[in-house]
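A short worksheet on the structure shown next.
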Amino acid sequence: MEKTMRISKRLDTFFGVMQKAILVALPIAAVIAVTLTVVSVFSPDAVIARDFTSVTIGPLTIELAPELAPDNISILSYVWIAVVLGAISAAFIYYAFGIIRKILKPMTEGRPFDASVGQNIRKIGYASLVIGIVQNAGSMLETSAAVRAFSLTALSSGDAIQSITANYTLDLNFLLVFFALILMAHIFDYGAQLQQLSDETL
């Protein structure tokens, strides 16, 4: 039990640091996006990003011709989509870390089967469900935005490439995580009931 309490305290500290890191990263990303937008509005001729003529697809990196480099509007669209989706995911991750810390709190006090643990694990399960949906939707939006920003469909104008298609793949692993967490929540609920019966017997 003492070992469990020590590990729980260290994990609580770790997740607390991760929460603070999220709170620092989000404003920085927002400031960068706003700055790029302001520069683009007041100086339309300014180049807000360089080296945007290369596209990485898996292990391959494709260098595009300079005339195919995305304009400021395309870059800003891509940046804002990434920032908004990242902020949504970060918000739910921050929430999930907070719930994990609530689970760890009774463990740091030597009460691993507290009645609140099962309920909090269930909350993490639903948070992971939302995060998985957001990440899948975000992957589709980012891919679509990248195709438009880099004018990848223009590559098919030559004779060597007949067509370019963006393939969207759904990652359903988050469903497995969700059901595993719900099952774990039921196990902890049962453990909490046994702990209560044991305490009442004593």
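Is it the case, given these coordinates, that S40 is in a helix (DSSP H, G or I), touching a helix residue (DSSP H, G or I) at 6+ places or on another chain (Cβ under 9 Å), open to solvent by less than 70 Å² (accessible area, probe 1.4 Å) and modelled with pLDDT under 80? Here the answer is no, as S40 does not meet what is asked. Looking across segment 101-122, just one residue is open to solvent by 70 Å² or more (accessible area, probe 1.4 Å) and either farther than 22 Å from I187 by Cβ or under 20 Å from the mean Cα position of the chain (by Cα) (or both), and that is R101.
Residues that are surrounded by fewer than 17 Cβ atoms within 10 Å (Cβ to Cβ) and outside any helix (DSSP H, G or I) are absent from segment 85-98.
The values are calculated or read from the model by the stated rules, or taken from the named source; none is laboratory data. Note that this is a predicted model, so its numbers are computed, not measured. Cβ: placed from backbone, ideal geometry, glycine included. Neighbour counts: every protein chain shown. Areas reflect the complete protein model, heavy atoms only, side chains present, ligands, DNA and RNA absent. Shrake-Rupley method; radii C 1.70, N 1.55, O 1.52, S 1.80 Å.
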